[in-house]
C-alpha cells in the first residue's frame, strides 16, 4: 500500500492525540498512539529510555502534579521511509502550573499497524536556548 495523503493526515492526528490523552490523564489509551514496545528517549533530560507503554504511563502517573497543564503539538513534518514506516518531526509546547512554558522537538518513528499508524520510537529534545549566529 503506497504512502498517501490520508497517511499524512492520520499521522498528524495521531501526534495531536498524544497531547489530548496526556492532558486528560487518559494514559490507558496510549495504545491509540504508541506501539506496545515504544521506546521513549528522554536521555536529554537524564532520564534514559522508557520502554513500553506501561513504563510511559507509570512515568506520567509518578510525575503527578509536576506534569504540564497542557501539551501542544505544532509544526509537524512527515517523511515517508517506506510504504509502512515514516519519520515525523514536530514541536511541542508545554504550559506549566506556574505559568511558565517549555519547548521541545519530538523526533518520531512511526509504523503502519493493523489498527493504524503508531509511534514506535520518540526522542524528546528540549529547546533551551535561542539560535545564536
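If you check 36, 28 for being farther than 25 Å from residue 127 by Cβ, without any contact (Cβ under 8 Å) to a residue 24 or more places away in the chain and touching a helix residue (DSSP H, G or I) at 6+ places or on another chain (Cβ under 9 Å), only one passes: 36.
Look at segment 82-106 and say how many of its residues are in contact with a strand residue (DSSP E or B) (Cβ under 6 Å, 6 or more places away or on another chain) and either more than 18 Å from residue 14 (Cα to Cα) or not in a loop (DSSP other than H, G, I, E, B) (or both). Number satisfying all stated conditions: 17. The residues in segment 53-62 that are exposed (fewer than 11 other Cβ atoms within 10 Å of the Cβ) and under 20 Å from residue 105 (Cβ atoms) can be counted, and the count is 0. Residue count for segment 57-81 satisfying the condition of being within 12 Å of the chain's Cα centre (by Cα) and farther than 17 Å from residue 9 by Cβ: 2. Taking segment 1-46 as the range and being within 20 Å of residue 114 (Cβ to Cβ), in a loop (DSSP other than H, G, I, E, B) and over 12 Å from the mean Cα position of the chain (by Cα) as the test, the residues that pass are 1, 2, 3, 4.
Table: residues versus (1) surrounded by fewer than 16 Cβ atoms within 10 Å (Cβ to Cβ); (2) farther than 30 Å from residue 5 by Cβ.
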| position | (1), (2) |
| --- | --- |
| 26 | yes, no |
| 30 | no, no |
| 35 | no, no |
| 44 | yes, yes |
| 67 | no, yes |
| 112 | no, no |
| 116 | yes, no |
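Throughout, read-outs are computed from the coordinates displayed, never taken from laboratory work. All figures in this text were calculated on a predicted structure; none of them were measured in a lab. Glycine gets a Cβ as well: all are built from the backbone with ideal geometry, and neighbour counts include every protein chain shown.
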